1. Report yes if some residue within the stretch 48-58 is out of contact with any Phe, Trp or Tyr (no Cβ under 8 Å at 6 or more places or on another chain) and assigned to a strand (DSSP E or B); otherwise report no.
2. Report, by residue number, each residue of the stretch 48-82 that is of a type in the set (D, E, K, R) and more than 16 Å from the chain's Cα centre (by Cα).
3. If I go through the stretch 49-64 residue by residue, how many of them are at pLDDT below 90 and either closer than 29 Å to Asn84 by Cβ or in contact with a strand residue (DSSP E or B) (Cβ under 6 Å, 6 or more places away or on another chain) (or both)?
4. Does Thr46 meet the test of being at pLDDT 95 or above and surrounded by 13 or more Cβ atoms within 10 Å (Cβ to Cβ)?
5. What are the residue pairs meeting all of these: first residue in the stretch 72-84, first residue more than 11 Å from Thr19 (Cβ to Cβ) and touching a residue at least 24 places away in the same chain (Cβ under 8 Å), second residue open to solvent by 50 Å² or more (accessible area, probe 1.4 Å) and part of a strand (DSSP E or B), Cβ atoms under 7 Å, and 6 or more apart or on different chains?
6. Looking at (1) open to solvent by less than 40 Å² (accessible area, probe 1.4 Å); (2) at pLDDT 80 or above; (3) more than 19 Å from Val103 (Cα to Cα), can you tell me which one Asn37 breaks?
7. For the stretch 100-119, how many residues meet the condition of being surrounded by 11 or more Cβ atoms within 10 Å (Cβ to Cβ), part of a loop (DSSP other than H, G, I, E, B) and modelled with pLDDT of 80 or more?
8. Provide a single number: the residues in the stretch 1-32 that are at positive phi and assigned to a strand (DSSP E or B).
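The values are calculated or read from the model by the stated rules, or taken from the named source; none is laboratory data. What you see is a predicted model; the values in this text were computed from it and never measured. For neighbour counting, all protein chains shown are included, and Cβ atoms are generated from backbone atoms with ideal geometry for every residue, glycine included. SASA here: full protein model, heavy atoms, side chains in, ligands and nucleic acids out. Shrake-Rupley method; radii C 1.70, N 1.55, O 1.52, S 1.80 Å.
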Amino acid sequence: MNGKSYYTLADNALPTGATTTQLDITVSGADDVGNPNTSLTLGYCTTCDGANDVMGTAQAVTGANQTKTQQFTGLSLSTTNMNNMQLVVQGSGVNAQISTLYVLVTYTVPEATWRQAEDIVETGLAKNTNIRLRFQIDN
């Protein structure tokens, strides 16, 4: 029997348009004392139905107060994915005993874009539209 626990992340923690490229999921205080877990597997899911969980490799838990980290690289997760994400902790026996669960999120933010090229007249701009204004000052 495997005990799986899900932990929800806070919504809107990343800037709009950010792309998550790496997750480092860490538990501390993992404990097998009095608990029949011999290993712990960390993962995440954005569609959390038990079948679509992205799980790492099982890591041995051989005592009390251990720290385990699983790194997921080469990701391309949108802010929508992150807002739907849950972290997954699976014990080999029953629900894992841990004291802290945290995730380090590495992300990129798209570069600024311009509405028009330099020295090109802008037409058709609707009222109350936010744009980036570029001008030169010569002293």
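1. Going residue by residue through the stretch 48-58, those that are out of contact with any Phe, Trp or Tyr (no Cβ under 8 Å at 6 or more places or on another chain) are 49-52, 55, 57-58.
Now drop any that are not assigned to a strand (DSSP E or B), which leaves 55.
Yes, that holds for at least one residue.
2. Going residue by residue through the stretch 48-82, those that are of a type in the set (D, E, K, R) are 49, 53, 68.
Correct list: Asp49, Lys68.
3. At the first step, the residues of the stretch 49-64 found to be at pLDDT below 90 are 49-52, 61-64.
Narrowing the set further to residues that are either closer than 29 Å to Asn84 by Cβ or in contact with a strand residue (DSSP E or B) (Cβ under 6 Å, 6 or more places away or on another chain) (or both) leaves 49-52, 61, 64.
Residues flagged as at pLDDT below 90 and either closer than 29 Å to Asn84 by Cβ or in contact with a strand residue (DSSP E or B) (Cβ under 6 Å, 6 or more places away or on another chain) (or both) within the stretch 49-64 amount to 6.
4. Values: at pLDDT 95 or above: no; surrounded by 13 or more Cβ atoms within 10 Å (Cβ to Cβ): yes.
For Thr46, the condition - at pLDDT 95 or above and surrounded by 13 or more Cβ atoms within 10 Å (Cβ to Cβ) - is not met.
5. Taking only residues 6 or more apart or on different chains, the pairs are Phe72/Val54.
6. The single condition Asn37 does not satisfy is (2).
7. Within the stretch 100-119, the subset surrounded by 11 or more Cβ atoms within 10 Å (Cβ to Cβ) is 101-109, 115-116.
Adding the requirement that they be part of a loop (DSSP other than H, G, I, E, B) leaves 109, 115-116.
Remaining after also requiring modelled with pLDDT of 80 or more: 109.
Residues in the stretch 100-119 being surrounded by 11 or more Cβ atoms within 10 Å (Cβ to Cβ), part of a loop (DSSP other than H, G, I, E, B) and modelled with pLDDT of 80 or more: 1 in total.
8. Of the residues in that region, 1 qualify.
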